[in-house]
Amino acid sequence: MSVTAARGFVAAGVHAGIRRKGLDLAVVRSTTPAVGAAMFTVNQVLAAPVLVSKEHLTLAEPQAIVINSGVANAATGERGELDALATAAEAGRLLDLYAEEVLVLSTGVIGALLPLEKVLAGLREATPVLAASGGADAAAAILTTDTRTKESAVSLDGFTVGGMAKGSGMIHPQLATMLAVVTTDYPLDAGEAIEFLRPAVDRSFNSISVDGECSTNDAVCLLANGASGIERTPASETAFALALGRVCDDLAQQIVADGEGATVLAEIEVTGAVDIGQARAIAARIATSPLVKTALFGHDANWGRVLAAAGSAPHNGGFASVEPGRVSLSYNGTKVLDRGRPQGVEPDVSNGSCRIELDLGLGQGNASYLTSDLSYDYVRINADYRT
């Protein structure tokens, strides 16, 4: 159940003093030559580690990843980029790798300079203790406002996919204040990893929202080293895509379930849209509506809020198509609206999960999102974040 579940991967997590207490620096490394890829935030304000890691991916195949929590190293100018480069260079020196073979990720407060000496000292502490048993410490070291670690692993047909993630607030596509590292001993050739990673991310990490905020630092990285030694076949490729998708889905769900102050996990399922793009726009609008999310917190269906959100979903410079007389809506299997006609029933939304199904009756487009409620604690956590 960890980022080191696949063969040929080691990890460590240490306390470097970036945060006042707890583990705050993680290293993950493939012990045999790997190939890899990553997907990053689309926010135009990119953190220094994102800029550096993007450049490194154009120059070399990634072999190791360094992650610090506590400081995002975002909005830090040239100094921030130099600090990220220095982190990669020191990790490369310690691991006998080129600096360009190291990806660097950061999470924490935006606008604060990275305490570089602490990071470098932490690297010197972490690299000698890298081990296959270090996945749990690595998963703990990347947390910020998370209340628990997020790990997952799936084994199929002689290979394994494992991963870890962090994320609790500022969660919204494309990606969010979330970081994920996924590893596998399945054999991939150079340049192939992104073709498997992109669809898995789109269906998972890019289909969740906690608060509608898109961050400056988010990233999902995949390393594949082929240490399983299995022979690639069409069947094995299908199995690998399935396993990768399962791990990404599991980690994404853990992120939403651990949303800052979250008490309800909600699945939004939109069907019958004109096309997939419009279905996705409507699902995203519902999943990010503060009115829908506060109703979830109050365990009150108040389903008119879902309709209002659906009818105001931005799409291609206008709005996605909704015809009220064709719309059906269900909460946890109870139909509250049938082709525009209220059913006069009150669904049970009293527990910690809720499934909202919206059928637009217009076409074949469908999409789903995971979201959480918006609680008093979300405000408290974010009001007190720096103090």
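Projecting the Cα atoms of A121, T294, A11 onto the dipole axis of the chain, where Lys and Arg carry +1 and Asp and Glu carry -1 at the beta carbon, places T294 farthest toward the positive end.
Computed about the Cα centre, the dipole magnitude for the chain is approximately 620 debye when only Lys and Arg (+1) and Asp and Glu (-1) carry charge, each at its Cβ.
Test of the criteria: in the stretch 219-298, which GluC sites (Glu not before Pro) are in a DSSP loop and have at most 11 other Cβ atoms within 10 angstrom of their Cβ? Listed in order of number, the matching sites are E231.
Once C-alpha pairs closer than 8 Å and six or more residues apart are averaged by separation and normalised to the residue number of the chain, the relative contact order reads 17 percent. In loop segments of the stretch 1-106 as defined by DSSP, the trypsin sites (Lys or Arg not before Pro) with at most 11 further C-beta atoms inside 10 Å of their C-beta are R20, K21. A cut-off of 5 Å between modelled amide H atoms, ignoring neighbours fewer than 5 places along the same chain, links L265 with S353, C354. Which value in Å is the Kirkwood Rh of the stretch 43-88 over different Cα pairs? This gives a value of 11.1 Å. Taking a ≥ b ≥ c as the square roots of the eigenvalues of the Cα gyration tensor, the stretch 92-209 is oblate, since a/c reaches 1.5 or more and a/b is not larger than b/c. Using the Cβ of E357 as centre and a radius below 10 Å, the other residues enclosed give a net charge of -1, where K and R count +1 and D and E count -1.
Measuring spread by the Cα atoms of the stretch 272-361 yields a radius of gyration and Dmax of 12.6, 38 Å.
Relative contact order of the stretch 237-387: 39 percent, from C-alpha pairs under 8 Å at least 6 residues apart in sequence. For A6, the residues 5 or more places off, or on other chains, whose built amide H falls under 5 Å of its own are G162. Ligands, DNA and RNA are left out, and with a 1.4 angstrom probe the accessible area of the chain is 40 Å² per residue.
Angle of helix 276-288 to the longest C-alpha principal axis of the chain, folded into 0 to 90 degrees and rounded to 10: 90°.
To the nearest ten degrees, helix 193-203 and the longest principal axis of the Cα atoms of the chain are 30 degrees apart.
Dipole check for the stretch 1-114: with +1 at the C-beta of Lys and Arg, -1 at the C-beta of Asp and Glu, and the Cα centre as origin, the magnitude is about 460 Debye. Relative to the dominant Cα principal axis of the chain, helix 77-95 is inclined by about 60°.
For the stretch 288-329, the list of trypsin sites (Lys or Arg not before Pro) that fall in a loop by DSSP and count at most 16 other C-beta atoms within 10 angstrom is empty. The listed residues H315, H15, once ranked by accessible area (1.4 Å probe) with the largest placed first, stand as H15, H315.
E100 contributes an accessible area of around 70 Å² to the protein surface, as traced by a 1.4 Å probe with all chains present. Solvent-accessible area assigned to carbon and sulfur over the chain amounts to 51 percent, based on a 1.4 Å probe. For a straight C-alpha distance cut-off of 21 angstrom, the lysines reachable from K54 (same-chain residues fewer than eight places away being disregarded) are K166.
Distances between placed amide hydrogens fall under 5 Å for L105 paired with V66, I67, N68, all partners being 5 or more residues away or on another chain.
The accessible-area ordering, largest first, of the residues T183, T127, T294, T147 stands as T147, T294, T127, T183, per a 1.4 angstrom probe. The string of couplings for the stretch 181-191 from the Karplus curve (6.51, -1.76, 1.60, θ = phi - 60°) is 10, 10, 10, 8, 9, 6, x, 10, 8, 3, x Hz, one whole number per residue in order, with x for Gly and Pro. DSSP finds beta bridges in the chain, and of those with both partners inside it, around 70 percent are antiparallel. The Kirkwood radius of the chain, taken over pairs of alpha-carbon atoms, gives through the Stokes-Einstein law at 37 °C and 0.692 mPa s a diffusion coefficient of 154 µm² s⁻¹.
The values are calculated or read from the model by the stated rules, or taken from the named source; none is laboratory data. A quick note: this is a predicted structure, and the numbers were derived from the prediction, not measured. Heads up, the Cβs are rebuilt from the backbone with ideal geometry, glycines too, and the neighbour counts pull from every protein chain shown. SASA here: full protein model, heavy atoms, side chains in, ligands and nucleic acids out. Shrake-Rupley method; radii C 1.70, N 1.55, O 1.52, S 1.80 Å.
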